[in-house]
Amino acid sequence: MFAIDTIFENAHVQTMDPKHPYATAIGVHHGKIVAIDDELEGVSAKERVDLQGKYVCPGFNDVHLHFSLLGANLNQVDLRKQTISTMDELYAKVESACIQASEGQWVLGWGFDQFSLGAFPDIARLDQISHGHPMLILHLSNHAAVINSEAFRRAGYEHPEDIEDTDLVIREKGRITGLVKDKFCFMVTGVANRVSEEILLHQLRLAADYTLALGITSFTDGGTGTDPHWEGIGQTPDDVGLFQAAYDRGLIQQRGTLMPYYSSFHDLGELTGDITEGFGLDLGIRTGFEGGMLDIGPAKVILDGAFNSLSAYLSEPYLGHPDNYGVLSWDPEEFKHHVAQLHRQGWRVAVHAIGDRAVNLALDAFEHAQNLYPRKDVRHRLEHCGIADDAMVDRIVRDGVIANPQGSFIKNNGDAYVELLGEERARRAYRMGAFVSRGAIIPGSTDAPCAPVAPMVSIEGMVTRTTAHGFVLGESEKLSVDQALSAYTYGSAYASHKEHVLGSISAGKYADFAVLDHDPHDVPADELHKIGVLQTIINGVTRYSRL
């Protein structure tokens, strides 16, 4: 008699399928769900797995994290506010790494926050403790870093005081501070990241193991690759090839979508009689996209910076900084042209736009592209969509654009938003309820390592909207537990054009789900982050377990 592969039973399953919202048993064959509950009556299986009444939901799908960068950070000096509380501790931790490093080796740290430390680290002190090493310390936003004099030299700037762009290389009273932002930060990071293939693959393995234990069964790398000069927000000019090698070696178990970063695109010349400006990418792409485990997603373009680095592009200045409206990374007309190019050639485009002026410019570009070259159901994306008024929300929903705000930012960075934007604007930061109440589908993501990668931390932020100091970033922006869970599962699948194979526990979809130690509905909202993952199951195979 024919037997399917596995029946997972005795479970409390929230399916995210409105036709059958809850179930107790899931039948899996050849990596896909074939039946649930009564449909399994009389069906035999090669294996039956008792889930002991635990809560089960579709696997979490983080549609915007920096997977390779997370792995790199896990291999670097951890300077997050969870691990250090004073500037002296930061300097001591960095100096210890310098002492232990090989001669001439870059010393890299990540995750510092000037608000918790009271200031930015300073180049003079970094020079004192560097022991001759080039040093780069990434800000938690990953849009800024503090580097020392040797790092400037390694990047080709023997005399950094001669650098003219004061928006990207910050001075105080005419003195270089070591603080660099956005494009300059990405460039120096690219110089520092020139390490061996084995180290890069090890870092991908670190990220995979770390996220697997958090119930993440699918992810999107939010900026893959660099140009041939290593400038970009990915790791190398061969990033896609590195991901393929990691999958070939079994180092990554989750489904991955790669979002190529714009600097890795280049002129392809004339493609057809009417496409005279072809634009595309290399990145080491080769044979090996079979099986639904790895694919190419939208093209990633960064339009502005971040709130915490005072570089998100705003219509009104930062509070206490009357002349600072943030940084725009593109000439608006050039940006519109390039978005239209990508749109014409069939790309979905994901624009990093945090400030409200940047969001409007992104929407202008999407509308311009669609007017020139109409396409159906494109689902271009606004990564972050950091601040928006009601008219902008209506425009986003009307245009069918996917807004992708991060719940992970709420507790981690929310108090800084209040300080930098004021209470009124902060209540409109990373809106969620406004989109859902208008019928829009939003995904779940974290932008890790810029914020904690744990889905339940982000889900708590979506539900409570409460900062570390207790300020609520817009009461009406709160989501219910069900809405937040749906965002992290079905919403993420929809944002990725994969709702036909992911996002719910339904027949015909991939058998990817997470088993939690508590039902999120039974836990106080401010304790959702404490919920742990017992098992992570991908293609019906348990890839992580602590049962």
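Between Thr287, Thr272, Thr226, which is in contact with a Pro (Cβ under 6 Å, 6 or more places away or on another chain) and part of a loop (DSSP other than H, G, I, E, B)?
The unique qualifying residue is Thr226.
One residue stands out among those in segment 407-458 that are assigned to a loop (DSSP other than H, G, I, E, B) and among the charged types (D, E, K, R): the one that is surrounded by the most Cβ atoms within 10 Å (Cβ to Cβ), which is Arg431.
When you check Val378 against the structure, is it crowded, with 21+ Cβ neighbours inside 10 Å, aliphatic (A, V, I, L, M) and in a loop (DSSP other than H, G, I, E, B), yes or no?
Working: crowded, with 21+ Cβ neighbours inside 10 Å: yes; aliphatic (A, V, I, L, M): yes; in a loop (DSSP other than H, G, I, E, B): yes.
Taking the combined requirement at face value, the residue satisfies it.
Scanning segment 1-48 for residues that are under 22 Å from Asp519 (Cβ atoms), over 33 Å from the mean Cα position of the chain (by Cα) and aliphatic (A, V, I, L, M) gives a single hit, Ile7. Suppose the filter is aliphatic (A, V, I, L, M) and touching a residue at least 60 places away in the same chain (Cβ under 8 Å); does Leu136 pass it? Judged against the criteria, Leu136 is not a match. Among the residues of segment 172-221, the ones that are free of Cβ contacts under 8 Å to residues at least 60 places away in the same chain and among the β-branched types (Val, Ile, Thr) come to 7 in all. Which one of Ile459, Ile538 is assigned by TED's automatic domain parsing to the domain that holds Thr24 and modelled with pLDDT of 95 or more? The match here is Ile538.
Taking segment 207-238 as the range and being of a type in the set (D, E, K, R) and at pLDDT below 95 as the test, the residues that pass are Asp227, Glu231, Asp238. If we scan segment 313-329, do we find a residue that is closer than 30 Å to Ser218 by Cβ, at pLDDT below 95 and not charged (D, E, K, R)? Yes - at least one qualifying residue is present in segment 313-329. Gly104 meets all of the listed conditions (1) touching a residue at least 40 places away in the same chain (Cβ under 8 Å); (2) at positive phi; (3) not hydroxyl-bearing (Ser, Thr, Tyr) but one, namely (1).
For segment 187-202, what are the residues that are touching a Lys or Arg at 6+ places or on another chain (Cβ under 8 Å) and modelled with pLDDT under 85? Hits for segment 187-202: nothing passes.
The set of residues in segment 170-191 being surrounded by 23 or more Cβ atoms within 10 Å (Cβ to Cβ), at negative phi and not in a helix (DSSP H, G or I) consists of Leu179, Val180, Lys181. Here Val13 does not qualify as crowded, with 20+ Cβ neighbours inside 10 Å, touching a His at 6+ places or on another chain (Cβ under 9 Å), at pLDDT 95 or above and farther than 30 Å from Met135 by Cβ.
The values are calculated or read from the model by the stated rules, or taken from the named source; none is laboratory data. Since the model is a prediction, treat every value here as computed from it, not as a measurement. Because the Cβ atoms are built from the backbone with ideal geometry, glycine has one as well, and the counts that use them run over all protein chains shown.
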